[in-house]
Amino acid sequence: MERNTNWGLILGGIGLIVGVTALVLAIGAKNDVSTNAEITAAVKQEAGRAVNSLQGELQSTVRGARNSVKQLHTSVANAEQTATQLRQSQSGEQSQINRNASQISTLRTDVDRLNNQVSTLDQQVQRLNTRIDNMR
C-alpha cells in the first residue's frame, strides 16, 4: 500500500508542476502588463486549487488501497480456512483408505481360507461318492 501511495504522490506532484507551469505561461502570454504581484497571486491561487484537488484524489486513492488490502486480508483468511478444511478432509479420507485397504487384505485372506476349505470339502465329497459307488 505504501508503494501505491508513494507513486500517487509522485504523479500528483508532477501533475501539479505541469499545471502551475502551464498557468504561468498562459498568464504571461495573455497579459504582459500584469505585475509580478498579480502573477504570483494567480499562481498561488491555482497552485492551492491544484493541491486541494490532488489531496482529494490521493485521499481517495489511499481509501481505495486500504479497502483493497482489507479485502485481500479477508480473502487470505478465507483461503487459509478452506485449505485447513481440505487438509483435515484429506487426512480423514486417507485414514478411511487405509482402513479399507486393511479390510480388503483381511477379506482376501478369508477368501483364500474359505477356498481351501471348499477344496477340502470337495475332496471329502468325492471320497464319499467313491465309497458310495463302491458300496453298490
Treating only Lys and Arg (+1) and Asp and Glu (-1) as charged, each at its beta carbon, one finds that the chain has a dipole about its Cα centre, in Debye to the nearest 20, of 560
Quick calc: nm separation of the 7 Å Cα→Cβ label points for Gln81 and Gln117 -> 5.4
For the chain, longest principal axis from Cα atoms; helix 36-135 axis from its Cα atoms; angle between them, nearest 10 degrees, is 0
Neighbour-count ranking for Leu9, Leu121 (other C-beta within 10 angstrom, fewest to most) reads Leu121, Leu9
Out of Gln123, Gln85, Gln45, a Gaussian network model of the chain with alpha-carbon springs under 10 Å gives the largest mean-square fluctuation to Gln123
Length gained if Gln88 through Thr130 is fully extended, taking 0.36 nm per residue and subtracting the Cα-Cα distance, is 8.9 nm
CD proxy, 222 nm, the chain: helix-only mean residue ellipticity via -39,500 (n - 2.57) per DSSP H run with n ≥ 4, per residue, nearest 500, stands at -36000 deg cm²/dmol
With the chain reduced to its Cα atoms and the Debye formula applied, log10 I(q)/I(0) at q = 0.10, 0.16, 0.21 1/Å amounts to -0.70, -0.97, -1.16
Rounded to the nearest 10, the angle in degrees between the Cα long axis of helix 2-30 and the longest principal axis of the Cα atoms of the chain comes to 30
Placing +1 on each Lys and Arg Cβ and -1 on each Asp and Glu Cβ in the chain, then taking the dipole about the Cα centre, the residue among Gln124, Thr82, Val20 whose Cα reaches farthest towards the positive end is Gln124
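A short reminder: the numbers here are calculations on the coordinates, not readings from a lab. Being a predicted model, the structure only gives us computed values, none of them experimental. Here Cβ is always computed from backbone atoms with ideal geometry, including for glycine, and neighbour counts include all displayed protein chains.
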